[in-house]
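What follows is one structure encoded as structure tokens, with my remarks underneath.
Taken together, the values in this text are just the output of simple stated rules run on the coordinates, not laboratory data. It should be emphasised that the depicted structure is a prediction, and the values quoted were computed from it without experimental measurement. Neighbour counts are summed over all protein chains in view; Cβ atoms, including those assigned to glycine, are modelled from backbone coordinates with ideal geometry.
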């Protein structure tokens with residue numbers, strides 16, 4: 001690996017910062033102490049800041065020279081509503097809240113890059129270091145943009161990074177094009193007619209209607225959607241009734257849909273509504289169907305992806321690039337930024353969990369698991385990648 005010496009020398013400080021953030025997790029739009037810590041560090045290093053975008057967002061502005069070139073680097077700050085099972089020294093002190101997705105590490109890696117870039121300034125132009133709130137389902141990226149992020153910080157391109165458990169620690173990988181899926185929720189309420197269970201002929205049974213709709217919905221994936229386009233329709237909840245001897249008046253189904261393209265998403269949403277309405281009508285029932293689009297698919301831009309791959313190889317070497325990385329049906333609100341600006345999102349391997357100190361939970365070191373912990377070995381790697389990416393981006397002619 002070709003890591004940056006001043007960042008390696010700063011590694012112990014980064015470790016303390018990361019573990020402090022881990023011990024004090026805050027949920028979406030509640031990242032007040034985390035944002036204060038980020039702002040204090042940036043100010044300490046002489047970096048001007050913008051606060052308040054997206055509520056608790058913080059942006060550092062690192063400039064040098066007279067060049068108008070600019071680039072954005074983004075990390076997320078929020079934690080999950082999860083009770084931590086780890087019992088090591090830096091475990092969460094906030095009951096029911098935990099950094100189980102590594103956002104503590106993401107924030108710290110970007111702080112490490114900000115420290116180095118501000119101190120050495122081996123570039124001409126401006127680097128915007130974007131510390132975003134509310135990635136975990138609350139669309140903090142979109143809210144920052146709605147608050148004028150890219151008007152106040154007119155970046156040419158924007159880049160993001162996420163740790164990836166299961167991949168060897170410090171390896172890196174990226175996929176051009178669709179890399180993460182859209183995330184969408186649906187809810188269907190079926191209105192029937194209740195009766196005594198001994199007199200089903202007097203009812204319009206919403207449970208049977210729900211069964212028919214649930215089965216028919218799966219034909220959208222198997223018979224309506226192009227089999228080469230990935231799509232997942234998962235019914236995760238079915239609710240109906242309150243007694244064993246009563247046919248209920250209503251039933252509800254809730255779940256998610258994930259796709260890599262907006263075209264496939266539109267097809268699934270349309271067909272779900274059509275099947276639900278016509279199936280219910282055939283039974284004499286009615287339906288109320290709602291479909292909420294949360295996050296769009298995350299689609300990496302080709303030129304920025306090729307550039308990021310060059311920088312990754314420079315940092316971890318060709319042998320450190322993940323060769324069999326596959327797109328994931330997980331979602332990420334950095335997708336909103338990539339709809340607005342060209343850019344790229346990459347993964348950095350978090351290892352298999354052997355890095356965890358004594359007292360960790362017995363569960364796997366997977367994302368959104370109460371036994372998870374970020375691997376501190378990644379801090380200088382990620383910070384070096386961010387720093388070299390910014391320096392090389394601003395040193396080259398514009399990619400577009």
Below 8 Å, C-alpha to C-alpha, sequence gap of six or more: please give me the relative contact order for region 183-295 in percent. 43 percent
Radius, Kirkwood style, for region 355-400 when every pair of distinct Cα atoms is counted (Å): 13.3 Å
With springs connecting C-alpha atoms under 10 Å apart, model the chain as a Gaussian network and identify which of 163, 354, 86 has the largest mean-square fluctuation. 354
Least to most buried among 153, 101 (fewest other Cβ within 10 Å first): 153, 101
Who wins for biggest fluctuation among 258, 74, 293 in a Gaussian network model of the chain, springs between alpha carbons below 10 Å? 293
Once both axes come from the Cα atoms, what is the angle between helix 32-44 and the longest principal axis of the chain, in degrees from 0 to 90, rounded to 10? 20 degrees
Once residue 5 and residue 239 are pulled to full extension, the length gained, defined as 0.36 nm per residue separation minus their Cα-Cα distance, is 78.5 nm
Could you tell me how many cubic angstrom of Cα convex hull volume region 162-239 has per residue? 156 Å³
Quick calc: nm separation of the 7 Å Cα→Cβ label points for residue 219 and residue 249 -> 3.2 nm
Label-to-label distance, nm, for residues given as residue 321 and residue 120 (7 Å Cα→Cβ offset): 2.3 nm
When ranked by the protection proxy of mean other Cβ atoms within 10 Å per residue, highest first, what sequence do the peptides 87-93, 251-257 form? 251-257, 87-93
What is the Å³ per residue value for the convex hull set by the Cα atoms of region 103-222? 228 Å³
Of the beta bridges DSSP finds with both residues in the chain, what % are antiparallel, to the nearest 5? 70 percent
Going by average Cβ density within 10 Å per residue, which order do the peptides 221-230, 143-152 take, highest to lowest? 143-152, 221-230
Using mean Cβ contacts within 10 Å as the protection proxy, how do 367-374, 164-171 order, highest first? 367-374, 164-171
The relative contact order of the chain, taking Cα pairs under 8 Å that sit 6 or more residues apart, comes to a percentage of 25 percent
The residues 384, 70, sorted from fewest to most surrounding Cβ atoms within 10 Å, come out as 70, 384
As a check on your grasp of the helix formula, calculate [θ] at 222 nm for the chain: sum -39500 (n - 2.57) over DSSP H runs of n ≥ 4, divide by the residue count, round to the nearest 500. -10500 deg cm²/dmol
Average projected area [Cα convex hull, the chain], square nanometres: 21.5 nm²
Spin-label pair residue 196/residue 368, simplified geometry with 7 Å Cα→Cβ offset, distance in nm: 4.6 nm
Fraction of alpha-carbon pairs over 23 Å apart in region 183-295 - percent: 31 percent
Once you have the Cα-Cα distance between residue 283 and residue 266, take 0.36 nm times their residue separation minus that, and quote the gain in nm to one decimal. 3.5 nm
Can you give the direction-averaged projected area of the convex hull of the alpha-carbon atoms in region 1-60, in nm²? 5.1 nm²
